[in-house]
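Encoded as structure tokens, the structure appears first; notes follow it.
The values are calculated or read from the model by the stated rules, or taken from the named source; none is laboratory data. It should be emphasised that the depicted structure is a prediction, and the values quoted were computed from it without experimental measurement. Cβ atoms come from the backbone with ideal geometry, glycine included; neighbour counts cover every protein chain shown. Heads up: the accessible areas ignore ligands, DNA and RNA and are worked out on the full protein's heavy atoms, side chains in. Shrake-Rupley method; radii C 1.70, N 1.55, O 1.52, S 1.80 Å.
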Amino acid sequence: MKASPYAFITPFFLVFGAFGLVPLLYTGWYSLHSVQLSSLDKQTWVGLENYKNLWSSDFFWNALKNTFTIGLISTVPQLLLALGIAHLLNYKLRGSTLWRVVMLTPYATSVAAATLVFTLLYSWDGGMINWLLHFVGVDPINWRESDWGGQFAVSSIVIWRWTGYNALIYLAAMQAIPADLYESTALDGANRWQQFRHVTIPMLRPTILFTVVVSTIGATQLFGEPLLFGGSKGGSEHQYQTLGLYMYDQGWIIGNLGKASAIAWSMFLILLIVAAVNMLVNRRLRKSQ
Amino acid sequence: MTTSDLTLPQVDPAPKPKGDRGSRRPRMIGAGRQLHAGPITYVVLAVFSLISLAPLLWTAIAASRDNTRLAQTPPPLWFGANLFKNMQAAWDEVGLGTAMLNSTLVAGTITISTVLFSTLAGFAFAKLRFKFSSALLLLTIGTMMIPPQLAVVPLYLWMADLGWSNQLQTVILPTLVTAFGTFFMRQYLVQALPTELIEAARMDGANSLRVVWHVVFPAARPAMAVLGLLTFVFAWNDFLWPIIALNQQNPTVQVALNGLGTGYVPDQAVIMAGALLGTLPLLIAFLLFGKQIVGGIMNGAIKG
């Protein structure tokens with residue numbers, strides 16, 4: 001009986017070791033080498049060359065900036081919308097399950113399928129979105145070529161796919177708030193909006209923090225949407241090339257796997273910094289409570 | 001878990017936020033607000049539902065038209081007559097038929113294996129005492145933060161070394177069991193499996209395998225079903241590693257859709273038919289099991 005707990009967890013740690021941890025370390029190792037897609041066997045030590053290369057590359061900083069801005073304009077509206085929708089779903093509704101399933105439906109759509117559809121919806125000439133905009137007097141926008149337009153379009157795909165999912169997470173947390181908290185504030189004369197601000201939001205704080213972390217991780221690795229919307233360069237002038245996409249482009253389109261490894265490790269370092277900041281914020285919050 | 005999605009299964013549902021640990025508040029489902037919804041609530045929800053469903057509905061409309069019509073303004077707002085013709089074209093010419101078969105095989109294998117191994121590991125973390133268990137659990141949760149990008153270069157090199165390029169096992173093996181699944185099952189079993197039941201079975205002389213078979217699996221069954229659904233959705237939609245590891249000769253659905261997007265098929269109506277076909281199995285799953293999937297995501301979010 002003694003050995004069995006380890007036997008039960010072994011499959012997971014074997015898979016994680018072989019396909020997660022060891023590759024992660026090797027990615028670091030390859031990032032110090034020149035590895036070309038055309039000659040996989042030949043790996044030459046180059047030290048920090050790949051990183052220096054990135055540091056002085058405009059495209060790297062551009063990708064970092066795009067990852068950040070797209071992350072911001074996809075995450076913030078998404079979570080605010082999710083909060084609002086969760087609030088509505090938390091009322092006593094007729095057909096409550098149906099509403100929830102409908103909100104979650106975009107989650108069933110893959111990144112690839114969703115992006116193919118949105119690319120057509122956003123097409124410059126004859127696309128649904130430009131057609132709808134012309135009713136309010138907006139001239140056709142060349143979404144794929146414009147700077148902010150491309151970023152907006154890519155973000156809208158993320159928002160569409162993930163808002164319902166986050167709404168369900170908020171809804172679950174809202175339903176765990178004890179009713180007497182609302183009752184006592186109601187006795188104090190609080191209206192619905194004040195209850196939402198002074199009861200719901202504070203009680204949801206850990207959940208909100210969690211969704212922020214998860215969305216941040218997701219935003220850091222954003223890749224499929226910009227790839228299918230505008231190719232591996234993320235638009236003709238890299239308008240929406242993210243770090244994840246830049247890595248794919250360098251590694252498998254240009255064929256420089258060493259540099260791609262360095263980009264991957266840069267992403268990892270950025271995530272570690274985010275995690276550290278999050279931990280500090282978390283500790284602060286807990287102390288202040 | 002390698003995922004190209006936001007979902008770190010990682011993004012996937014939802015380890016419970018740490019901050020909640022301390023406060024053992026009574027859990028009354030639905031206790032939060034039981035105010036009746038007014039007409040405005042229904043109207044706003046209807047608008048959001050429309051936004052949720054319209055792109056999918058329009059995919060079907062576009063898939064039923066032809067390429068010339070899709071290039072004209074205004075865009076079509078109702079169905080045409082070409083749906084089956086376009087679907088057939090997508091199935092045969094683009095090879096979506098092979099892709100659907102491959103994806104079924106890949107996602108099916110991953111689902112069975114993930115559910116099985118996640119239940120075992122989740123059970124160990126939930127109910128068995130062993131050295132370093134809490135540290136290992138923390139490590140498991142931590143691994144959900146690692147983006148798939150950190151693994152793909154070495155995996156690509158190794159698979160090439162093994163002569164496995166373009167074979168399905170390259171996309172199956174890395175996801176045979178996931179951190180998300182393990183954590184999900186652990187969260188469920190902590191509450192759903194009474195420790196006394198395990199002890200009683202052991203008193204009767206049952207060995208570990210018997211305990212798992214006769215006590216753990218029956219108790220875990222509802223959560224295993226939900227994890228199976230979530231895992232299937234994830235595996236069916238996985239993107240980054242499959243498009244690196246496989247090519248158009250032996251694609252999964254997402255690899256085939258990626259091929260459609262990069263332009264060797266110029267017919268937009270066929271592309272839309274492909275997107276629709278590739279999504280259809282999951283839409284059917286949502287239609288049949290939507291309630292369970294919703295429940296799984298919500299429970300994953302609050303249990304702990």
Just one listed residue, out of A:GLY244, A:GLY234, is touching a Phe, Trp or Tyr at 6+ places or on another chain (Cβ under 7 Å) and more than 9 Å from chain B (Cβ to nearest Cβ), and it is A:GLY234
Residue set B:LEU56, B:LEU83, B:LEU70, B:LEU77; condition more than 13 Å from chain A (Cβ to nearest Cβ) and not acidic (Asp, Glu); output residue B:LEU83
Exactly one of A:GLY230, A:GLY255 is farther than 21 Å from A:GLN78 by Cα, at pLDDT 90 or above and in contact with a Lys or Arg (Cβ under 8 Å, 6 or more places away or on another chain), and that residue is A:GLY230
Please verify whether the stretch A:90-102 includes one or more residues that are open to solvent by less than 20 Å² (accessible area, probe 1.4 Å) and in contact with a Ser or Thr (Cβ under 7 Å, 6 or more places away or on another chain).
-> no
Within the stretch B:194-205, which residues are β-branched (Val, Ile, Thr) and either surrounded by fewer than 16 Cβ atoms within 10 Å (Cβ to Cβ) or under 17 Å from B:PHE117 (Cβ atoms) (or both)?
-> B:THR195
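To keep it simple, each residue is scored yes or no on (1) open to solvent by 10 Å² or more (accessible area, probe 1.4 Å); (2) without any contact (Cβ under 8 Å) to a residue 40 or more places away in the chain; (3) of a type in the set (Lys, Arg).
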position: A:GLY234; (1), (2), (3): no, no, no
position: A:LEU245; (1), (2), (3): no, no, no
position: A:TYR248; (1), (2), (3): yes, yes, no
position: A:TRP252; (1), (2), (3): yes, no, no
position: A:GLY255; (1), (2), (3): no, no, no
position: A:LEU269; (1), (2), (3): yes, yes, no
Can you work out which of the residues in the stretch B:58-85 that are of a type in the set (Phe, Trp, Tyr) and in a helix (DSSP H, G or I) is least open to solvent (accessible area, probe 1.4 Å)?
-> B:TRP58
Taking the stretch A:31-61 and keeping residues open to solvent by 30 Å² or more (accessible area, probe 1.4 Å), closer than 11 Å to A:ALA262 by Cα and part of a strand (DSSP E or B) leaves A:SER34
Looking at the stretch B:31-53, which of its residues are assigned to a helix (DSSP H, G or I), within 7 Å of chain A (Cβ to nearest Cβ) and open to solvent by 60 Å² or more (accessible area, probe 1.4 Å)?
-> B:LEU53
Could you say whether any residue in the stretch A:116-131 is facing another protein chain (nearest Cβ under 7 Å), surrounded by fewer than 21 Cβ atoms within 10 Å (Cβ to Cβ) and under 26 Å from B:ILE297 (Cβ atoms)?
-> no
Flag if B:ALA285 is more than 27 Å from A:ILE169 (Cβ to Cβ), at pLDDT below 95 and part of a helix (DSSP H, G or I) = no
The condition of being within 12 Å of chain A (Cβ to nearest Cβ), closer than 27 Å to A:GLN221 by Cα and crowded, with 22+ Cβ neighbours inside 10 Å holds, among B:LEU155, B:LEU136, only for B:LEU155
From A:ILE73, A:ILE9, which residue is out of contact with any Asp or Glu (no Cβ under 9 Å at 6 or more places or on another chain), touching a residue at least 24 places away in the same chain (Cβ under 8 Å) and assigned to a helix (DSSP H, G or I)?
-> A:ILE73
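Residue-wise test of (1) assigned to a helix (DSSP H, G or I); (2) under 22 Å from A:GLN78 (Cα atoms); (3) of a type in the set (Ser, Thr, Tyr).
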{"site": "A:GLY126", "(1), (2), (3)": "no, no, no"}
{"site": "A:ILE129", "(1), (2), (3)": "yes, yes, no"}
{"site": "A:ARG144", "(1), (2), (3)": "no, yes, no"}
{"site": "A:TRP162", "(1), (2), (3)": "yes, yes, no"}
{"site": "A:PRO202", "(1), (2), (3)": "yes, yes, no"}
From the list B:VAL265, B:VAL253, which one is under 28 Å from B:LEU77 (Cβ atoms) and buried (at least 24 other Cβ atoms within 10 Å of the Cβ)?
-> B:VAL253
Would you point out which residue out of A:LEU81, A:LEU89, A:LEU93 is over 30 Å from B:PRO76 (Cβ atoms), touching a residue at least 12 places away in the same chain (Cβ under 8 Å) and within 14 Å of chain B (Cβ to nearest Cβ)?
-> A:LEU89
Here the residues within the stretch B:206-234 that are of a type outside the set (S, T, N, Q), open to solvent by 40 Å² or more (accessible area, probe 1.4 Å) and under 22 Å from A:TYR6 (Cβ atoms) are B:LEU209, B:ARG210, B:TRP213, B:HIS214
Output the number of residues of the stretch B:132-179 satisfying the condition of being more than 23 Å from A:PHE8 (Cβ to Cβ) and in a helix (DSSP H, G or I).
-> 16
Which numbered condition trips up A:LEU280, out of (1) farther than 18 Å from A:TRP61 by Cα; (2) facing chain B (nearest Cβ under 10 Å)?
-> (2)
Exclusive hit being part of a loop (DSSP other than H, G, I, E, B), within 8 Å of another protein chain (Cβ to nearest Cβ) and either open to solvent by less than 40 Å² (accessible area, probe 1.4 Å) or out of contact with any Cys (no Cβ under 8 Å at 6 or more places or on another chain) (or both), set A:LEU222, A:LEU227 | A:LEU222
Does B:SER208 satisfy the condition of being over 28 Å from the mean Cα position of the chain (by Cα) and within 13 Å of another protein chain (Cβ to nearest Cβ)?
-> yes
